[in-house]
Amino acid sequence: CDILVRGTKAGMISGTRVDRQKLPERYFLSAMDGHSGELQYVGVSIFEPRHGRTKLRSLLEGGDDMEFDFLYIDTFHVDPLYKANVSSDVGAYALRKLLHHPYIKGRAGEHGAWSVSSCIYILDPYEAMSAEEKSRIEAENRRESERQMQVHRPGGAMPVETDESLRAKEQRAARMDGLARLDANQFLRNGFIQDATVAKKGGNAPRFLVAAYEHWKQPLKSHAEAEAVQFYVAPPERRPPTGKDAEILEVTKRICSENMMQGVSSAMIGLPRPAVNDSADRASAFRTEATRLIQQGGSLARSNALHAACANRDVAIARCILQLDPSCLEARDIENMTPLIVAAAAAAGSANINGIPSQPVIDVLLAAGAQKGAVDSAGLTAYGTLESMHDKFGQAMQAMMGRPVGGGSRTTPGLAALEAKLMPPGGPTAADRTGGEGADAGYVDYGAEDAEYDGDYGDY
């Protein structure tokens, strides 16, 4: 819909209203994915897959209910003329008109309540940019895309990051976050919040703003009140490897990926693996290149090479790395994961119709003494990561296939045995038990409610 000021178009709002009541049980994510990747991202981030119930305690306490619809606003644009000095008046009043329109609020006597009980918007930093800055950023994006494409060209390799290039990226990211914050005031005035539970997920999640009808039906806040709202600030991220460390990481990825791709290609046409991909040959090639780079100042532990080998489930390279530098065993990557946690995630992703295949990389790590009780930034151990990623892959398959799929230790061959191998000495952590999304973290746990439902009606 258009935003009008004295009959003159001043901007526009567009979005998608989702009727959760019309979606069959367990088809919520499939419906979101069928609409768009953006709506599927919103669905996974904010709602649970069974009924489309909110996962956020803030929305539940604000009145969101699956009996009503939710609205995802994908575009909220106010022309620059009407937001001089970053004023939020036109946008704030336009949003209020929308949220109190009968299409959202419901008509008297029709429902007796709001038709839409929650709303989501993802902050857009481009909305706060000048035309000149937008052109400059778009040009930078094109150059970065071309730089990244070098790896796909014959003989190409991923450009190695330097301290300077990382610093430039960090400064640019901070600038984009600042611009996104300027886009927030018109929503904050209408009761929207940045839920720290979502924001802590990282990536684009800090830009999510959410509200339920109990939030937006309150009086409009002032611009000063909105500006005073403090947003969640993530702790400094671990920097990815640079220089010779980055070169070691790229060597590891290349040798592991070439092995995987050639193995897949050979299997597709019924030929044995090429001799060049023999484990001993590959390990020897890796050892030669890694040793050269180490002599030039590189470090296997700093490079996260073992993480890359574990992500590719490459047991030969993993063994070689541990022989060269045993300290890699408990090294942390930029996501604060140990190699064992990465290997657990890769194991979950390797599941197929026959279950989860054997995981020799995990066996190698455990034999070397990997700590099963080590946790990542979300408090998940390797055991919890396996459980969580297995569930998420199941949800993704459901979304892609458009129908419920089985999951859990009861139905996936090989999962229970792997869980037993990875069980921490002190048992699962609190985060393990909730997949990092427990009530204590601001999430709603529907486990008991669903267990009771399954007891009455049976589970898939």
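The values are calculated or read from the model by the stated rules, or taken from the named source; none is laboratory data. Owing to the predicted nature of the structure, the values given are computational and were not obtained by experimental measurement. All Cβ positions, glycine included, derive from the backbone under ideal geometry; neighbour counts span all protein chains shown. The accessibility values were calculated without ligands, DNA or RNA, using every heavy atom of the protein model including side chains. Shrake-Rupley method; radii C 1.70, N 1.55, O 1.52, S 1.80 Å.
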Checklist outcome for this item: Excluding residues fewer than 8 positions from Lys253 in its own chain, the lysines with Cα under 24 Å of it are Lys169, Lys244
Checklist entry - If the cut-off is a Cα-Cα distance under 12 Å, which aspartates and glutamates reach Lys421, setting aside same-chain residues fewer than 8 apart in sequence? => result Asp363
Next on the checklist: Per 0.36 nm of contour for each residue apart, how much would the distance between Glu144 and Thr8 grow if the chain were fully extended, relative to their Cα-Cα spacing?
Outcome noted: 45.1 nm
Checklist entry - In whole percent, how big is the carbon plus sulfur part of the accessible area of region 139-252, probe 1.4 Å, protein atoms only? => result 53
Item to check | Peptides ranked, highest mean first, by Cβ atoms within 10 Å: ranges 89-99, 358-368 | outcome: 89-99, 358-368
